[in-house]
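This report concerns only the one structure given below.
The values are calculated or read from the model by the stated rules, or taken from the named source; none is laboratory data. For clarity, every value in this text was computed on a predicted model and none was experimentally measured. Here the Cβ positions follow ideal geometry from the backbone for every residue, glycine too, while neighbour counts run over all protein chains shown. Areas reflect the complete protein model, heavy atoms only, side chains present, ligands, DNA and RNA absent. Shrake-Rupley method; radii C 1.70, N 1.55, O 1.52, S 1.80 Å.
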Amino acid sequence: PTSIIHPHNSTFFYPLPVKLMADNPLYKFPITQPYSIPLKLIDTHCHPHEDRYNLDGIFDLKPEKLLLMGTRRDDWASLVEVAGYNSSKVIFGFGIHPWYAKDVFSEQNQQNQQNQQNQQNQQNQQNQQSEQNQQNQQREESLKNKEEDVLKNNEYFRELKTLLVTYPSSFIGEIGIDRFVVRKEPEACPLDKQWSVFTKQIDMACELKRPVSVHCVDASGAMFDFFQARELLPPAIAMHSYGGSADSAKRFLNLPGGKGKRFYFGFSWCINTRSHRLISTIKGIPLEHILLESDRPSTHNIDVDLWKMCELVADVHQTTIDIVASITRSNSLRFLHCILPENL
């Protein structure tokens, strides 16, 4: 089968059917001139800050607002740089993407090795002490190192939390679970580490009352079970570039106790048009829970992609582009309400 590079990472590949271009009705879908009429669209998931040499171009894009996704430590630095522009057009999130979950543990292992070396050096310097004193000190150092290890387990997350507190209008994302990558590169992104990192970030979102943008590939059932079993959920949850079925989406929306109304489902042209069930999925999800995305790693094609997705959703729901633009804009602002209440 033909493959296609994911927009913001060249390491992993998702399958693209060979006959997609010929068979998928989306590629025959008539597209009008982008922004031929004025619309207030919001891109709820994109990565243009990854093009660090064109950050200025972000502010020339046509969407009213753009939600920029942080995926790893290196990525967070770019977002902080964008924050320096002090523009209400950009809202940014900080998170650890499932592809980079292993980095958290790799860094911890390096730190633990350094701690062990430091401990050995200390022991070598204390050889002249009495045997009893040495035993006592070793026990104390062992307890201390265990406590340090617990703290170092959270060092990556402490930095994440510091950024979120520093920028109170930020959300958490992009985070999630990717089982496709586990099948392709099992050692690169072990599933158990993905779940550990994801759960920690969901807990943080609940604590800080932040919305989350969730990456979920080949894991809709497990993701549903996860959210269903939790007592506390983040105030708003966007299922990014949603690739599940309409029936799966309805399961999320029907979660009891007010949980279901917290879920939104984003659709991007560059990712979701690979699926032949996209139209049936969009048709089965109420407009009031749909978000528009570009998921682009640079400013290129964001304007066009967002327009095309808006037009497609309007066609599927048999309504006008203006109505879809208005409803999805309201959805986006509701998703952000806990961090930007003044926008409603």
Here FRET efficiency (C-beta to C-beta, D218 to T162, R₀ 30 Å, nearest 0.05) is 0.35
Computed lengthening from W195 to R230, 0.36 nm per intervening residue step minus Cα-Cα distance: 11.2 nm
Is there a pair in K62/K161; K62/K259; K40/K283; K65/K102; K161/K283 whose C-alpha atoms are over 28 Å apart, and which pairs would that be? K62/K161; K62/K259; K65/K102; K161/K283
What part of the accessible area of segment 233-304, given as a whole %, is carbon or sulfur when the probe is 1.4 angstrom? 50 percent
Subtracting the Cα-Cα distance from 0.36 nm times the residue separation, let me have the gained length for S330 to S169 in nm, one decimal. 56.2 nm
Looks like segment 289-341, by Cα gyration tensor root eigenvalues a ≥ b ≥ c and the a/c under 1.5 rounded cutoff (else prolate when a/b is bigger than b/c, oblate otherwise), is oblate
J(HN,Hα) series, segment 162-168, from Karplus relation 6.51 cos²θ - 1.76 cosθ + 1.60, nearest Hz, glycine and proline x: 4, 5, 5, 6, 5, 10, x
Whole-Hz Karplus couplings 3J(HN,Hα) for segment 67-80, θ = phi - 60° and coefficients 6.51, -1.76, 1.60, Gly and Pro as x, run 9, 8, 9, x, 10, 6, 4, 4, 5, 4, 4, 5, 5, 4
